[in-house]
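Some notes on the structure that comes next.
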Amino acid sequence: MLDPFLVGHLTFQPLEAGPSKPPLEPGRNALGLFETRDAMLVVPEGVDPNVPTPLMVLFHGGGGHAENILPMMEQHALSRAFLLLVPQSQFPTWDIVIVGNGPDRERLDIALKEVAARYRLDPTHICFAGHSDGGSYALSLGLTNGQFVTHIIVSSAGFMSVHHQEGAPRIFMSHGLRDEQIPIDRSGRAHSSLLKQAGYDITYMEYNGPHAWQPPVVAMAVEFFMGDGAARQAVG
């Protein structure tokens, strides 16, 4: 039997009990969990920590960090009132790209539990999202942890490494026709076809662009995540 942690299993579960720690200030917050490359949490104005709130986990690309990827989703989180957790890989890219699931998976588990200790999460709206290597990581871990991941947003992912599937997260996948780093035929088109054959509910979109996330496509992905009855909170 495969070791569940080596295949990317996360022990995190959304808590039914209320928060045990105080909420954080609105805006960007370092969680203070790690000495280097700490995880960040974006908190919208007006979030009630006792009301179920959607959560998106956003993974940066290879060689990146939180500040690189935050512009992709930060304003959407603030305007649509979902929590945005942005972890950072310990090394230049995510562990799964280098040797397999390990320290980044462990740190993600810790960060998720910290967020759940401060906010009641909406268990019907928990999303893994990312671009490039971050998209591959979101797809791989999201499919492995469908016991709590409900949505996956994948931008220009190069691969998926899935040895155990759990649940049935809904998937939004996009890829640029002019992607010079990760050709669309062996990535977006191949992955979307496999996922459809496996029975996943997948929305697949191609756009006339290079290896870069596109704001209009991201807006559609956010609507895919938040537009189907997500818990609403007053903003402002």
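Data overview
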read-out	value
Fluctuation leader among MET220, MET160, MET40 - the chain, Gaussian network, Cα springs under 10 angstrom	MET220
Per residue accessible area in Å² of the chain, where ligands, DNA and RNA are left out and the probe is 1.4 Å	42
Prolate/oblate/rounded label for region 139-236 (Cα gyration tensor, a/c 1.5)	oblate
Given (i) 58, 42, 30; (ii) 55, 35, 30; (iii) 47, 41, 33, the label whose value is Cα extents along the principal axes in Å derived from this model	(iii)
Accessible-area ranking of VAL47, VAL99, largest first, probe 1.4 Å	VAL99, VAL47
For THR93, solvent-accessible area (1.4 Å; no DNA, RNA or ligand), Å²	20
Fraction of beta bridges assigned by DSSP in the chain that are antiparallel (%, nearest 5)	20
Percent carbon-and-sulfur accessible area, the chain, ignoring ligands, DNA and RNA, probe 1.4 Å	54
Isotropically averaged projected area of region 1-108, using the convex hull of Cα atoms (one quarter of hull area), nm²	7.8
Percentage of interatomic Cα-Cα distances in region 159-201 larger than 18 Å	29
Projected area, mean over directions - region 29-79, Cα convex hull, nm²	4.2
Accessible-area ranking of LYS21, LYS196, largest first, probe 1.4 Å	LYS196, LYS21
Between region 29-57 and region 94-160, the Cα center-to-center distance that results, in Å	15
Degrees, to the nearest 10: 103-118 long Cα axis against longest axis of the chain	40
ARG170, ARG118, ranked by accessible area, largest first (probe 1.4 Å)	ARG170, ARG118
Cα pair distances in region 1-57, grouped into 10 Å bins until the bin that holds the longest one, percent each	16, 40, 32, 10, 1
Column: log10 I(q)/I(0), Debye, Cα scatterers of region 85-218, q = 0.20 Å⁻¹	-1.23
Heavy atoms of THR53: accessible area, 1.4 Å probe, square angstrom to 10	0
Cα gyration tensor, region 49-128 - rounded (a/c under 1.5), prolate or oblate	oblate
About the Cα centre, charge dipole magnitude for the chain (Lys/Arg +1, Asp/Glu -1 at Cβ), debye	220
Assigned charges on the beta-carbon of Lys, Arg, Asp, Glu; region 104-236 dipole about Cα centre (debye)	180
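The values are calculated or read from the model by the stated rules, or taken from the named source; none is laboratory data. The shown structure was predicted, so the numbers you read here are calculated from the model rather than taken from an experiment. Glycine gets a Cβ as well: all are built from the backbone with ideal geometry, and neighbour counts include every protein chain shown. Surface accessibility is based on the protein's heavy atoms, side chains included, excluding ligands, DNA and RNA. Shrake-Rupley method; radii C 1.70, N 1.55, O 1.52, S 1.80 Å.
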